[in-house]
């Protein structure tokens with residue numbers, strides 16, 4: 001990556017944002033907006049594209065429906081994607097069904113993910129394998145998720161998902177190794193920058209400061225999304241800047257008031273600042289009752305109640 005340092009800041013060359021267009025990536029703007037968390041922008045950018053090949057049209061539609069899925073517009077996907085749609089779009093629909101009703105659709109979703117992995121036709125389809133990896137990650141089955149991501153011709157997004165899996169498995173060493181692999185694959189890509197930042201936040205030390213600069217540069221260069229505000233807040237939390245973290249998270253909350261990660265981090269920040277966290281916890285339970293933070297809080301509450309009842313009995 002071509003960078004230069006000046007007074008501690010990492011400044012990216014202006015040409016970076018245009019290089020992908022020069023290289024012929026017609027979907028660059030759509031991809032970039034999606035990865036940054038600017039989902040409505042991704043949809044808008046996709047609607048303006050012309051002269052695409054059939055393969056590019058399919059890829060565009062995949063990102064459009066994934067964007068609608070991130071916005072919670074599941075019914076639109078259900079109404080527009082049917083059994084005659086290309087398999088990658090059906091895979092997106094399967095994930096949308098799971099996200100809308102995890103408990104009701106868990107068995108059928110896992111069955112579909114397993115079939116994609118075992119069928120030679122679909123196991124060579126990067127979109128199907130990525131969706132399968134996302135499903136297994138949501139189920140916290142990281143071993144199967146990694147198998148999906150390590151298929152031949154793994155995309156940059158699969159590598160990014162691999163980084164996420166390793167981080168959730170507390171294998172920071174492997175996550176860092178994969179992030180470096182992404183740098184060798186495309187050091188200027190937004191996904192590469194984000195993956196490097198994720199690893200940096202988890203590694204701590206000077207790497208947190210580097211992650212801080214990455215989030216700042218991406219926000220200033222493209223658009224500040226809830227995802228970028230939350231990432232910057234994570235850096236500030238690691239550095240003990242709780243008030244600054246709260247300010248970033250409140251900006252993220254304004255942009256995405258139902259974002260589970262934003263809400264869970266607002267709970268943590270509020271507790272550190274000695275402020276009430278009940279409202280954010282209530283919003284989190286309403287927006288994402290399956291979120292791992294809710295499960296941890298429930299387990300802690302049950303343990304406390306059990307200990308309290310034992311103490312009273314004694």
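Read-outs: derived from the displayed coordinates by stated rules, not from any lab. Values in this document were obtained by computation on a predicted structure and should not be read as measured data. Counting neighbours? That spans all protein chains shown, and the Cβs are built from the backbone with ideal geometry, glycine included.
Among 113-121, 36-44, what's the highest-first ranking by average C-beta atoms within 10 angstrom per residue?
36-44, 113-121
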Principal axes of the range 20-161: Cα extent on each, largest first, Å: 41, 33, 29
Averaging over every viewing direction, what projected area does the convex hull of the Cα atoms of the chain cover, in nm²? 18.9 nm²
Return a whole-number percent for the relative contact order of the chain, with Cα pairs under 8 Å and 6 or more residues apart as the contact set. 10 percent
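How fast does the range 122-232 diffuse by Stokes-Einstein, in µm²/s, taking the Kirkwood radius from C-alpha pairs at 10 °C and 1.306 mPa s?
111 µm²/s
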Give me P(r) over the range 210-276, computed from all C-alpha to C-alpha distances, binned every 5 Å, as integer percentages. 4, 21, 31, 25, 14, 4, 1
Here Rg/Rh (Cα, Kirkwood) for the range 99-152 equals 0.96
Distant alpha-carbon pairs in the range 190-229 (separation over 11 angstrom), percent: 58 percent
Simple spin-label estimate for residue 139/residue 80, 7 Å along Cα→Cβ, in nm, reads 2.8 nm
At R0 = 35 Å the Cβ-Cβ FRET efficiency linking residue 90 and residue 295, nearest 0.05, sits at 0.70
Burial ranking of peptide ranges 272-283, 166-177, 184-195 (average Cβ count within 10 Å, highest at the top): 184-195, 166-177, 272-283
When you count, for each residue, the other Cβ atoms within 10 Å and take the mean per peptide, how do 228-238, 62-72 rank with the highest first? 228-238, 62-72
Let me see the pair-distance distribution of the range 156-195: every alpha carbon pair, 5 Å bin width, integer percents in order. 7, 32, 36, 18, 7, 0
Roughly how many whole Å is it from the C-alpha centroid of the range 156-189 to that of the range 58-78? 25 Å
Taking just the C-alpha trace of the range 69-119, give me its Rg and Dmax in Å. 10.8, 31
